[in-house]
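Report on the structure given below.
The values are calculated or read from the model by the stated rules, or taken from the named source; none is laboratory data. Just so we're clear, the structure is a prediction, and the values are computed from it rather than from any experiment. A quick note on method: Cβ atoms are made from the backbone with ideal geometry, for glycine too, and the neighbour counts reach across all protein chains shown. Calculation scope for accessible area: heavy atoms of the full protein, side chains included, ligands and nucleic acids excluded. Shrake-Rupley method; radii C 1.70, N 1.55, O 1.52, S 1.80 Å.
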Amino acid sequence: QDTLKAVSGDLLSVTWADANTIYISGTFRVVLRSTDAGVTFTERNKKADRTCRTSGLLYDVTDTAFAGDVGYLVSDGTAHSWRTSDGLATDVFPGARAVECGARPRLALDPVDLNRLWAVDQCSKAEAFRYSEDGGASFATVAVPGDPIKGLSDVAVAPGTLIAVGDGGEILISRDGRTASRHLASNHYWRAVDLADGARGAIGGDDGRLLV
């Protein structure tokens, strides 16, 4: 059903925080939440005076990553991250820059340790693939041997496995979240990745290409 047809702007990400809770982010600093599996949604980022819970946010919310009420948001432009521990019931303040690009950052949250998260972006530089182990207070670059990484479009994590995908056939796989190895699959543009667990996942790309 077209539940959100009245929302202005574009919707950029959808995240399930648990079996019934969905967060949706988008342009104009929109963050929506449903606690009834998508039947109804409420705005979580905009307060009654139309200011935002995410202090200092100037751009679009390109992605969120949630587990229960603990979650992270990232924006384009400055690529700063915000951490909430109460589902944006109270104001939150910007943490470190998740990546050094700000084109369309994407996030993945460790389902076991909620202080660990990863960010990717579409620029062709090492700083487009970074991780935090302190709840977004600081980020470090994921080490990838060989040529500089190409732009990355998406990232997913499951216990013991992290995968980031992007341009030029780029598929980066990490077991520890700090270093990654390169697994090129032709010269395709991979746009999306998700993991069912540490051994099963799917990668989708241009022209209907799919790896499972």
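Annotations
- When T64, T161 are checked against the criterion of being modelled with pLDDT of 95 or more, polar (S, T, N, Q) and more than 28 Å from S34 (Cβ to Cβ), a single residue qualifies: T161.
- Taken over region 16-34, the criterion of being at pLDDT 95 or above and open to solvent by 20 Å² or more (accessible area, probe 1.4 Å) is satisfied by W16, D18, A19, N20, R33.
- All of (1) surrounded by fewer than 15 Cβ atoms within 10 Å (Cβ to Cβ); (2) of a type outside the set (D, E, K, R); (3) free of Cβ contacts under 8 Å to residues at least 40 places away in the same chain hold for P159 with one exception: (3).
- Condition met for A37 (open to solvent by 60 Å² or more (accessible area, probe 1.4 Å), assigned to a loop (DSSP other than H, G, I, E, B), among the aliphatic types (A, V, I, L, M) and free of Cβ contacts under 8 Å to residues at least 24 places away in the same chain): no
- Those residues of region 114-134 which are assigned to a loop (DSSP other than H, G, I, E, B), free of Cβ contacts under 8 Å to residues at least 60 places away in the same chain and surrounded by fewer than 23 Cβ atoms within 10 Å (Cβ to Cβ), in sequence order: L114, N115, Q122, C123, S124, K125, E133, D134
- Filtering region 178-200 to residues that are under 17 Å from R116 (Cα atoms), of a type in the set (D, E, K, R) and part of a strand (DSSP E or B) leaves nothing.
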